[in-house]
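The values are calculated or read from the model by the stated rules, or taken from the named source; none is laboratory data. None of these values were measured; they are calculated from a predicted model. Heads up, the Cβs are rebuilt from the backbone with ideal geometry, glycines too, and the neighbour counts pull from every protein chain shown. Note: accessible area is taken over every heavy atom of the protein model, side chains too, but ligands, DNA and RNA are not part of it. Shrake-Rupley method; radii C 1.70, N 1.55, O 1.52, S 1.80 Å.
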Amino acid sequence: MKILFKIFFFLLIFNNIIAQNNSIDSLKKVINSTTSDTTKVNTLNKFAEQMIRYNLSSSFDSIELSILIANQTSYELGLAKALKIKAILFYYTGEIDSSFILLDESLNIYLEHEDLLNAGRVYNNIGILLKNQGDINNSIEKYLTAINLFIQVKEKRDLIAAYINLSNAYRYQGNYQRALSVNFDALSILDQIDNKKYSDSLKIGHIYKTIANIYSVQKKYDQADSNYNIALDIYRILNSSQDIADIYVNFGTNAEEKNDYIKIINFNRRAINLYTSASKIAVADINIANSYIDLMNFDSAKIFIDDALEIYQQPVNDRGLALVEYSYGRYYFFQNKHNEAIDNLIKSLEYASVNNDYEFISKVTKVLYQAYKNVGNFEKALEIHEQYKSAEDSIFNKNNEQQLTEMALTYDFEKEKQQTELVHLAEIKRQKIVRNFSLIILLIAILGLISLFSALRTKKRKNEELRLKNNEIMQQKEEIISQNEEIEAQKREIELQRDLAVDRGNELQQKNNDIEASIQYAQRIQRAILPNKFLLSDFYKDWFVYYKPRDIVSGDFYWFFAKQNKIFVVAADCTGHGVPGAFMSMLGVSFFNQIVTQNDEISSDNMLNILREMVIKLLKQDVNDYEGSHDGMDLSLIIFDKVTKIVEFSGAYNSLYIISDNEPLNLENVNSRIFELPDNDKKIYELKVDRMPIGVFMTEQKQFQKYTVQLLDGDKIYMFSDGYPDLYSREQNKKFTTQRFKELLLSSANLDMKNQLNLIEDNYNNWVGKEKQIDDILIIGLQI
């Protein structure tokens with residue numbers, strides 16, 4: 001049966017090729033013979049469209065002539081088609097700006113003529129161009145507009161193409177849930193097409209392959225392999241050898257996760273037997289070679305590396321040559337020929353460094369470091385190890401940002417899905433109420449008509465009054481029985497609704513449990529990105545960090561970073577609590593890491609200025625948008641030099657307290673005030689800060705200020721959010737206040753940091769009691 005299928009599809013493809021050639025010849029005859037300008041424009045457009053695959057120059061000439069005739073004859077729809085084809089030609093020649101201009105002109109014409117089908121196709125083309133330019137958000141907007149138009153005109157094949165493009169955009173964005181949902185929608189529509197063409201069946205295979213690719217990215221390999229197998233069966237029936245080869249390579253890639261080198265070799269060998277593309281053959285060669293190296297079969301490995309080298313040299317492919325040199329490096333390394341390995345790995349690293357391919361740089365430097373170490377060149381080994389660490393840091397930051405983005409997108413998707421389900425259930429309930437009410441009205445109307453009919457018959461037939469009365473009694477009895485049956489049916493319906501409500505309640509409870517589990521996972525992520533508190537021990541004589549989230553995750557966060565003899569310390573309070581606050585806190589940690597790693601020398605005020613710009617840009621904040629996002633954070637930041645004991649300070653709303661026996665040096669240049677208690681030699685020097693947040697500000701946005709203070713041994717620094725001063729005692733019906741917070745710190749200043757922390761915790765318990773905490777709490781204490 002499979003052989004008959006293959007023969008059928010081979011004949012189908014062959015006939016398509018012959019038909020295309022015959023079609024081009026027929027179009028030429030029409031162009032040369034027709035006298036109708038409209039027919040000539042339409043024929044020139046079809047000819048140019050088909051010639052794109054064979055001769056761009058001929059296609060350009062035909063479309064220019066079509067545009068000329070369409071303009072002369074005011075044939076606007078033909079002109080719109082010609083402009084769209086010319087835009088595609090400009091795309092193939094790399095003139096992207098011109099392509100956008102022509103597509104806009106074509107779109108305007110179609111919209112003026114209310115040609116929704118062709119307008120949707122142009123929107124789809126614009127979406128493709130925007131995605132290829134990296135403008136994913138706008139490309140998604142265009143695809144959605146195209147989909148809406150295709151749904152209106154009920155054009156299924158164009159709708160499927162737009163869904164596939166939308167899926168690719170969501171996948172590129174990292175929104176895997178939406179990408180999968182769109183692919184399943186496309187499959188559902190394809191199932192509705194009765195007379196499927198060869199291209200329809202091929203699209204089904206492509207969609208299953210795309211679904212498998214998404215599962216592979218998510219490391220769901222069993223689901224990925226299941227969908228790859230479905231796609232493979234379809235491609236085999238269609239005899240699509242290049243797609244079959246791609247599936248084999250993907251199977252090999254998934255096998256890498258289990259180190260199943262034999263399976264990797266077998267799948268890639270099968271792909272090579274099918275591929276006609278030299279570059280794809282070279283990729284499979286490299287996969288096989290590296291698996292042979294891991295199996296210590298060096299002779300076989302070298303054969304495949306040499307084949308790949310020959311392909312990548314004609315023409316030169318820098319990326320491919322980097323892969324070849326890396327494979328040669330491993331080939332020599334595992335044979336203990338470390339000098340030869342070093343030569344090849346250095347060449348590979350040069351190729352990779354040009355494109356900042358951090359994952360590949362990490363793989364190369366990991367082997368190169370061991371090679372230098374094995375030959376005793378420890379200085380060079382250390383240098384390469386630094387490159388390895390730098391690449392790993394870049395990969396970590398990129399993955400962290402992707403995880404945050406994916407978490408946010410998944411949360412939005414699930415929330416939208418839940419709202420849709422609630423709306424759907426409400427609509428079902430409304431329809432049932434309307435239906436039941438209509439039945440009741442209908443029943444009342446029937447009863448009224450019956451009563452009226454009986455009264456008329458009674459007037460006309462006095463002599464049959466008794467018989468009619470008996471009939472009426474019997475009829476009423478039947479009606480009562482019918483009503484009882486109706487009541488019983490309604491009772492069963494009410495019981496069914498009750499059972500559905502119970503089931504829905506259980507379902508909602510399960511969803512709440514799932515959401516809580518997700519938040520618990522978010523807590524682990526938040527704790528993982530917070531820095532190690534014991535880093536403070538390298539810079540301060542004594543310290544404590546009092547960190548008490550209101551919910552499972554916190555909107556307050558702390559951040560430390562050591563660079564040479566300096567340490568950066570931040571105490572921050574983000575907008576909101578719980579999950580929204582946690583998202584902001586993780587953004588804050590990520591942005592601070594990015595700022596200090598990208599700037600060798602930076603002051604505290606510049607750090608806050610840069611951070612503010614990053615937050616405004618990411619959240620798309622606008623000072624004139626009163627209904628938009630105004631999220632941000634309040635914080636204090638110090639940079640402490642443990643050699644000179646000089647502290648540099650900047651803040652957004654949050655002040656800094658210094659407790660000392662003596663007034664710190666340089667304090668006369670700082671906006672500060674003093675707080676003291678009777679019979680206490682120590683004083684609190686409060687350093688005031690800029691009264692503006694990290695984020696958009698409703699008044700004039702100014703630059704943050706920095707202050708520099710010389711500290712002495714024994715001085716103490718306190719950084720905090722507003723959570724502790726705002727503690728609320730329901731018993732006393734008042735807040736703890738900043739005044740009491742200062743008294744607490746100053747009265748316990750002679751204690752060591754551990755005992756002072758215990759006192760702060762005890763005071764919290766006494767003040768709040770068993771009441772629920774109303775805000776996140778963060779206090780950092782540092783002793784010089």
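Among the residues of region 645-668, the ones that are outside any strand (DSSP E or B) and in contact (Cβ under 8 Å) with a residue 12 or more places away in the chain come to 9 in all. A search for C-beta distances below 6 Å between a residue of region 87-100 that is open to solvent by less than 30 Å² (accessible area, probe 1.4 Å) and any residue that is not polar (S, T, N, Q), counting only pairs 6+ apart in sequence or on different chains, returns 87/102; 87/103; 89/60; 99/87; 99/90; 99/91.
The rows are residues; the columns are (1) surrounded by 22 or more Cβ atoms within 10 Å (Cβ to Cβ); (2) under 31 Å from the mean Cα position of the chain (by Cα); (3) part of a helix (DSSP H, G or I); (4) at pLDDT below 95.
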site: 237; (1), (2), (3), (4): no, no, yes, yes
site: 256; (1), (2), (3), (4): no, yes, yes, yes
site: 270; (1), (2), (3), (4): no, no, yes, no
site: 311; (1), (2), (3), (4): no, no, yes, yes
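For region 148-158, the criterion of being crowded, with 21+ Cβ neighbours inside 10 Å and at pLDDT 90 or above is satisfied by at least one residue.
Note on region 274-309: residues that are among the small types (Gly, Ala, Ser) and surrounded by 22 or more Cβ atoms within 10 Å (Cβ to Cβ) total 6.
Here is the figure for region 225-235: residues that are out of contact with any Asp or Glu (no Cβ under 7 Å at 6 or more places or on another chain) and open to solvent by less than 40 Å² (accessible area, probe 1.4 Å) total 5. Taking the condition assigned to a helix (DSSP H, G or I), open to solvent by less than 40 Å² (accessible area, probe 1.4 Å) and either closer than 30 Å to residue 249 by Cβ or in contact with a Lys or Arg (Cβ under 8 Å, 6 or more places away or on another chain) (or both), does residue 188 pass? Answer is no for this residue. Taking the residues in region 161-191 that are closer than 19 Å to residue 224 by Cα and among the charged types (D, E, K, R) as candidates, determine which candidate is modelled with the lowest pLDDT. Top of the filtered list is 171.
Of everything in region 581-605 that is more than 29 Å from residue 523 (Cβ to Cβ) and in contact with a Ser or Thr (Cβ under 9 Å, 6 or more places away or on another chain), the residue that is surrounded by the most Cβ atoms within 10 Å (Cβ to Cβ) is 604.
For region 736-767, which positions are of a type in the set (Phe, Trp, Tyr) and in contact (Cβ under 8 Å) with a residue 60 or more places away in the chain? Correct list: 764 only. Given the structure, is residue 370 open to solvent by 30 Å² or more (accessible area, probe 1.4 Å), of a type in the set (S, T, N, Q) and not in a loop (DSSP other than H, G, I, E, B)? Yes: the conditions hold for residue 370. Those residues that are in a helix (DSSP H, G or I) and either of a type in the set (Lys, Arg) or closer than 17 Å to residue 287 by Cβ (or both), I need them from region 196-212; list them, please. If the condition is that a residue be in a helix (DSSP H, G or I) and either of a type in the set (Lys, Arg) or closer than 17 Å to residue 287 by Cβ (or both), then 203, 209 are the ones that fit.
To keep it simple, each residue is scored yes or no on (1) of a type in the set (Val, Ile, Thr); (2) touching a helix residue (DSSP H, G or I) at 6+ places or on another chain (Cβ under 9 Å); (3) surrounded by fewer than 21 Cβ atoms within 10 Å (Cβ to Cβ).
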position: 698; (1), (2), (3): no, no, yes
position: 703; (1), (2), (3): no, yes, yes
position: 737; (1), (2), (3): yes, no, yes
position: 746; (1), (2), (3): no, no, yes
position: 755; (1), (2), (3): no, no, yes
position: 758; (1), (2), (3): no, no, yes
position: 763; (1), (2), (3): no, yes, yes
position: 780; (1), (2), (3): yes, yes, no
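When region 541-560 is limited to residues that are open to solvent by 10 Å² or more (accessible area, probe 1.4 Å) and assigned to a loop (DSSP other than H, G, I, E, B), the one that is farthest from residue 745 (Cα to Cα) turns out to be 552. Taking the criterion of being among the aliphatic types (A, V, I, L, M) and either in a helix (DSSP H, G or I) or open to solvent by less than 100 Å² (accessible area, probe 1.4 Å) (or both), the residues of region 313-327 that qualify are 321, 322, 323, 324.
Listed here are the residues, each with its yes/no results for (1) in contact (Cβ under 8 Å) with a residue 40 or more places away in the chain; (2) closer than 27 Å to residue 647 by Cβ; (3) aliphatic (A, V, I, L, M).
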position: 572; (1), (2), (3): yes, yes, yes
position: 579; (1), (2), (3): yes, no, yes
position: 582; (1), (2), (3): yes, no, yes
position: 588; (1), (2), (3): yes, yes, no
position: 602; (1), (2), (3): no, yes, yes
position: 608; (1), (2), (3): yes, yes, yes
position: 615; (1), (2), (3): yes, yes, yes
position: 619; (1), (2), (3): yes, no, yes
position: 625; (1), (2), (3): no, no, no
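Restricting attention to region 217-235, which residues are assigned to a helix (DSSP H, G or I) and modelled with pLDDT under 90? 217, the sole residue that qualifies. Across region 669-693, the qualifying residues are those that are closer than 23 Å to residue 751 by Cα and touching a residue at least 60 places away in the same chain (Cβ under 8 Å), and the one among them that is least open to solvent (accessible area, probe 1.4 Å) is 684. When restricted to residues that are outside any helix (DSSP H, G or I) and open to solvent by 90 Å² or more (accessible area, probe 1.4 Å), region 485-535 contains 1. Within region 643-688, restricting attention to residues that are in contact with a Phe, Trp or Tyr (Cβ under 8 Å, 6 or more places away or on another chain) and of a type in the set (Ser, Thr, Tyr), the residue that is farthest from residue 723 (Cα to Cα) is 660. Among residues belonging to region 561-580 that are part of a strand (DSSP E or B) and surrounded by 20 or more Cβ atoms within 10 Å (Cβ to Cβ), point out the one that is nearest to the chain's Cα centre (by Cα). The residue in question is 574.
Could you tell me whether residue 172 is surrounded by fewer than 20 Cβ atoms within 10 Å (Cβ to Cβ), closer than 16 Å to residue 215 by Cα and not hydrophobic (A, V, I, L, M, F, W, C)? So residue 172 passes the test. Inspect all residues belonging to region 714-725 and state whether any of them is open to solvent by 70 Å² or more (accessible area, probe 1.4 Å) and in contact (Cβ under 8 Å) with a residue 12 or more places away in the chain. Looking for residues that are open to solvent by 70 Å² or more (accessible area, probe 1.4 Å) and in contact (Cβ under 8 Å) with a residue 12 or more places away in the chain, one finds none in region 714-725, hence no.
Quick one: which helices (runs of 4 or more DSSP H) sit completely within region 1-83 and have at least 1 residues that are at pLDDT below 90 and of a type in the set (D, E, K, R)?
Hits in region 1-83: 2-33, 37-51.
A search for C-beta distances below 6 Å between a residue of region 341-365 that is free of Cβ contacts under 8 Å to residues at least 60 places away in the same chain and any residue that is polar (S, T, N, Q), counting only pairs 6+ apart in sequence or on different chains, returns 358/394; 364/348; 365/387.
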